[in-house]
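Q: Take a look at the following structure, please.
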Amino acid sequence: MNMYDALFEELKNIRNSKGTYEVGLADAIGFVKDKGGNVAYEEGQTILSLPGVTAYCFKCTSSDLI
């Protein structure tokens, strides 16, 4: 499995676990670090990077959708 698919599947599984954003983000950070990737923090978002793929994670509230 390539890194894109691996990260996509991991994030999908985390989202489907119905845990809190904070717990899911901690799991995603652990996954990326275990795979030798990088984690950065910028303007209210967490940037997860693996070779060939980057995911931007941020917490969205219902007021952000209006």
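Q: In Å, the Kirkwood hydrodynamic radius of the chain over pairs of distinct alpha carbons?
A: With all distinct Cα pairs of the chain included, I get 12.4 Å.
Q: Mean residue ellipticity at 222 nm from the helices of the chain, using -39,500 (n - 2.57) per DSSP H segment of n ≥ 4 over the full residue count, to the nearest 500 deg cm²/dmol?
A: Per the formula, -13500 deg cm²/dmol.
Q: Roughly how tilted is helix 3-16, in degrees to the nearest 10 and between 0 and 90, from the longest Cα axis of the chain?
A: 40 degrees
Q: Could you tell me how many degrees, from 0 to 90 and to the nearest 10, lie between the Cα long axis of helix 21-34 and the main elongation axis, the longest principal axis, of the Cα atoms of the chain?
A: 10 degrees
Q: Taking the Cα centre of the chain as the origin, how large is its charge dipole in debye, to the nearest 20, when only Lys and Arg (+1) and Asp and Glu (-1) carry charge on their Cβ atoms?
A: It works out to roughly 120 debye.
Q: Just tell me which aspartates and glutamates come within less than 18 Å, Cα to Cα, of Lys59; anything on the same chain fewer than 8 places away is out.
A: Candidates past the 8-residue exclusion: Glu10, Glu22, Asp27, Glu42, Glu43.
Q: Each residue of region 51-60 in order: what ³J(HN,Hα) in whole Hz does its phi give by Karplus 6.51 cos²θ - 1.76 cosθ + 1.60, θ = phi - 60°, with x for Gly and Pro?
A: Taking θ as phi minus 60°, the curve returns x, x, 8, 9, 10, 9, 10, 8, 8, 10 Hz for region 51-60.
Q: Give the lysines whose C-alpha is closer than 17 Å to that of Lys33, dropping any in the same chain fewer than 8 places away, or say none.
A: none
FYI, it's all coordinate maths here, none of it is from the lab. Fair warning: this is a prediction, and the values are worked out from it, not measured in the lab. Ideal geometry is used to build each Cβ from the backbone, glycine not excepted, and the neighbour counts take in all protein chains shown.
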